[in-house]
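Every number in this text was worked out from the coordinates using simple rules, so none of it is lab data. Values in this document were obtained by computation on a predicted structure and should not be read as measured data. Cβ atoms come from the backbone with ideal geometry, glycine included; neighbour counts cover every protein chain shown.
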């Protein structure tokens with residue numbers, strides 16, 4: 001069974017602290033996506049990681065991909081309240097014969113940053 | 001460039017009714033995918049359309065169907081609604097190649 005597992009599912013952080021969200025997947029996908037979702041809103045694309053060893057950074061967020069370990073991480077540096085949201089990772093099934101429109105999502109990590 | 005639009009944004013239906021949701025992709029995008037989001041099951045893939053053809057379908061009952069028009073706009077239909085169909089329905093469009101998907105604002109469906 002294809003699985004995308006995120007941990008932790010809930011994360012309460014203090015402002016200024018660092019933390020990492022982990023995303024493990026069971027497929028051989030070579031492409032991984034990170035999305036952010038605010039309550040009641042749609043998904044906002046954060047990063048698209050295209051190859052093994054890929055690292056991307058935007059502001060206080062940095063994402064990396066290790067396709068051999070089937071692991072992606074989303075690192076949060078010096079968290080601020082505005083980062084409070086739910087973060088999802090997703091892989092596509094193209095390498096397994098699926099289409100690029102078929103993303104498998106993790107359950108999401110609900111991040112709460114407190115002052 | 002305008003983003004993905006979905007209509008209606010909110011909908012309340014009664015069990016047994018049917019519903020049609022609409023999605024207009026970003027101009028030039030020919031691929032449209034639909035996802036269902038619920039608190040219990042999370043985000044699940046429904047189906048994908050490309051150039052008016054369904055390319056892939058998720059594990060949903062036949063009550064869920066869709067189509068795509070020549071202008072790439074897509075509709076999804078749910079017949080004989082059940083309480084469990086209450087969800088946020090998201091559509092996403094994608095351009096050529098392996099570009100990323102861009103999501104619309106979603107349609108919040110409530111079945112009573």
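Brief remarks follow.
- Between the stretch A:45-79 and the stretch B:21-40, the C-alpha centres lie 25 angstrom from each other.
- Relative intensity, log₁₀ I(q)/I(0), of the stretch A:7-115 from a Debye sum that treats every alpha carbon as a point, q = 0.14, 0.24 Å⁻¹: -0.52, -1.38
- DSSP bridge pairs, the protein assembly as shown: antiparallel proportion in percent, nearest 5: 90
- Protection proxy ranking of A:22-30, B:87-95, B:38-46, A:51-59 - average other beta-carbon atoms within 10 Å, highest first: B:87-95, A:22-30, B:38-46, A:51-59
- Computed over chain B, the Cα gyration tensor eigenvalues convert (square root of 5λ each) into semi-axes of 23, 14, 13 Å, ordered from largest to smallest.
- Applying 0.36 nm per residue to the separation of residue A:28 and residue A:52 and subtracting their alpha-carbon distance, the gain on full extension is 7.5 nm.
- Ranked for footprinting exposure by Cβ neighbours inside 10 Å, fewest first, B:49, A:33, A:19 give A:19, A:33, B:49.
- Anisotropy class of the protein assembly as shown from Cα gyration tensor, a/c 1.5 cut: prolate
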